[in-house]
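> Take this structure first; my questions come after.
The values are calculated or read from the model by the stated rules, or taken from the named source; none is laboratory data. Note that the coordinates shown come from a computational prediction; the quantities given were computed from them, not determined experimentally. Counting neighbours? That spans all protein chains shown, and the Cβs are built from the backbone with ideal geometry, glycine included.
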Amino acid sequence: MSNDVVIERFFDAPPELVWQMWTDPEHFKAWYGPTGATIPVANLDVQVGGKRLISMAMETPNGPMEMWFAGEFREVVANERLVYTDAMSDEEGNIKSPEEMGMPQGTPTSTEVVVELSVVDGRTKMVMTHVGVPADSPGAGGWGMAFDKLEAYVADVSA
């Protein structure tokens, strides 16, 4: 079992458009999160050292749930490579421990997301690696659902 989620997708759109999906708050809100989730807040200061603060809301069998995620951009190479940290937080961006959030012991407090874009046969290849999230975890399934939404959204925007 891998300790990282690695997902590769291809888009019939230029890298510049796929890059905007990750860096423009309005585009990001349109696709991010698993099926059924909405993103009420997406504060993205896309520069090295810039902060990110995301709110994800969804209905659960126990009623509405809202989660916050904070992080920092570590690498920003426009249209090619984006690296940021990701951790559960409160609405002010203060990092919460996995235990505070009801996660199993041993869950990392912070993980790293690496997005790499390249052009292959006239299409944009995106490889997303979420370092520290097991490949067979619910987080991996959430990314898969999010990227299904991203594929549909990119097709719609570029149509």
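> Just checking, which of 52, 74 is among the charged types (D, E, K, R), surrounded by 14 or more Cβ atoms within 10 Å (Cβ to Cβ) and under 27 Å from residue 120 (Cα atoms)?
Details: 52 fails: under 27 Å from residue 120 (Cα atoms).
The match here is 74.
> Within the range 95-137, how many residues are at positive phi, at pLDDT 95 or above and surrounded by 15 or more Cβ atoms within 10 Å (Cβ to Cβ)?
Matching residues across the range 95-137 total 0.
> Checking residue 149 against (1) part of a strand (DSSP E or B); (2) among the charged types (D, E, K, R); (3) within 16 Å of the chain's Cα centre (by Cα): exactly one of these is not met. Which one?
(1)
This table checks each residue for (1) assigned to a strand (DSSP E or B); (2) under 22 Å from residue 98 (Cα atoms).
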residue	(1), (2)
21	no, no
29	no, no
53	yes, yes
69	yes, yes
76	yes, no
84	yes, yes
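> What number of residues in the range 27-36 are closer than 19 Å to residue 76 by Cα and out of contact with any strand residue (DSSP E or B) (no Cβ under 8 Å at 6 or more places or on another chain)?
Total satisfying the criteria: 1.
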